[in-house]
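A.B. asks: The structure is given below, and queries will be raised subsequently.
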Amino acid sequence: QLTFLDGVYATYKRLGVDSAMKEFFIGAGLGSRPTPVPSPPASAPVAEVLSRANINRAFWLEYELRQYPRVAPKMAALQAVRSQLVLVGGSDSSEYFPYRANMLLAERLGVELVDFPGGHVGYSTHPSEFAKQMIGVLDRRSG
């Protein structure tokens, strides 16, 4: 995965944001569309967030794409607060590496991995279902 991400970064430096994002989405198995399209259409606040996210793709490619995956979590610190953690993944993206990272973390910590509707950004593509799931998780945690 790190080699793949380094390749996406090299494409970004050589060919620009759009080419790098296309390579990332295809390589990650997400198709070739760099911005999720909400269904139903996004509310004004969600559309504004998606617009900002699209503008900030260069920042993500430069400062986050390669850096985050190289951070080793401090397992002892996470284990100490494991009862306070809720690890989640998008039900439509269980075969992709962002989901797998949380799956492995949940396994190592001995906590449940909770599936949420949609993929990696299910909050924007399935806002109502996502909100219902979030409320249910929070209700169970507070009860």
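The values are calculated or read from the model by the stated rules, or taken from the named source; none is laboratory data. Being a predicted model, the structure only gives us computed values, none of them experimental. FYI the Cβ positions are ideal-geometry reconstructions off the backbone, even for glycines, and counts take in every protein chain you see. Ligands, DNA and RNA are excluded from the accessible area calculation, which covers all protein heavy atoms including side chains. Shrake-Rupley method; radii C 1.70, N 1.55, O 1.52, S 1.80 Å.
A.B. asks: May I ask you to verify whether Glu95 is within 17 Å of the chain's Cα centre (by Cα), loosely packed, with under 14 Cβ neighbours inside 10 Å and acidic (Asp, Glu)?
C.D. replies: yes
A.B. asks: Return the pairs, sorted by first residue and then second, in which the second residue is among the aromatic types (Phe, Trp, Tyr), the first residue lies in region 69-87 and is open to solvent by 80 Å² or more (accessible area, probe 1.4 Å), the beta carbons are less than 8 Å apart, and the residues are 6+ apart or on different chains.
C.D. replies: none
A.B. asks: Now for a different question. Between residues in region 44-58 that are farther than 23 Å from Tyr12 by Cα and residues that are in a helix (DSSP H, G or I), which pairs lie under 6 Å by C-beta distance while being six or more apart or on different chains?
C.D. replies: As it stands, the answer is Val46/Ser124, since those pairs meet every condition given.
A.B. asks: So, in region 56-73, exactly how many residues are touching a helix residue (DSSP H, G or I) at 6+ places or on another chain (Cβ under 9 Å) and aromatic (Phe, Trp, Tyr)? It would help to see each step written out before you state the result.
C.D. replies: In the first step, residues of region 56-73 are kept if they are touching a helix residue (DSSP H, G or I) at 6+ places or on another chain (Cβ under 9 Å); the result is 57-58, 60-62, 65-66, 69-70, 73.
In the following step, the residues that additionally are aromatic (Phe, Trp, Tyr) were identified as 60.
Total meeting the criteria: 1.
A.B. asks: Just one of the numbered conditions (1) surrounded by 16 or more Cβ atoms within 10 Å (Cβ to Cβ); (2) modelled with pLDDT under 90 is not true of Glu23; which one?
C.D. replies: Looking at each condition in turn, Glu23 falls short on (2).
A.B. asks: Residues being under 14 Å from Leu85 (Cβ atoms) and open to solvent by less than 30 Å² (accessible area, probe 1.4 Å): count how many of those fall in region 98-110.
C.D. replies: 2
A.B. asks: Just give me the residues in region 111-143 being open to solvent by 50 Å² or more (accessible area, probe 1.4 Å) and outside any helix (DSSP H, G or I), in sequence order.
C.D. replies: Glu112, Asp115, His120, His126, Gly143
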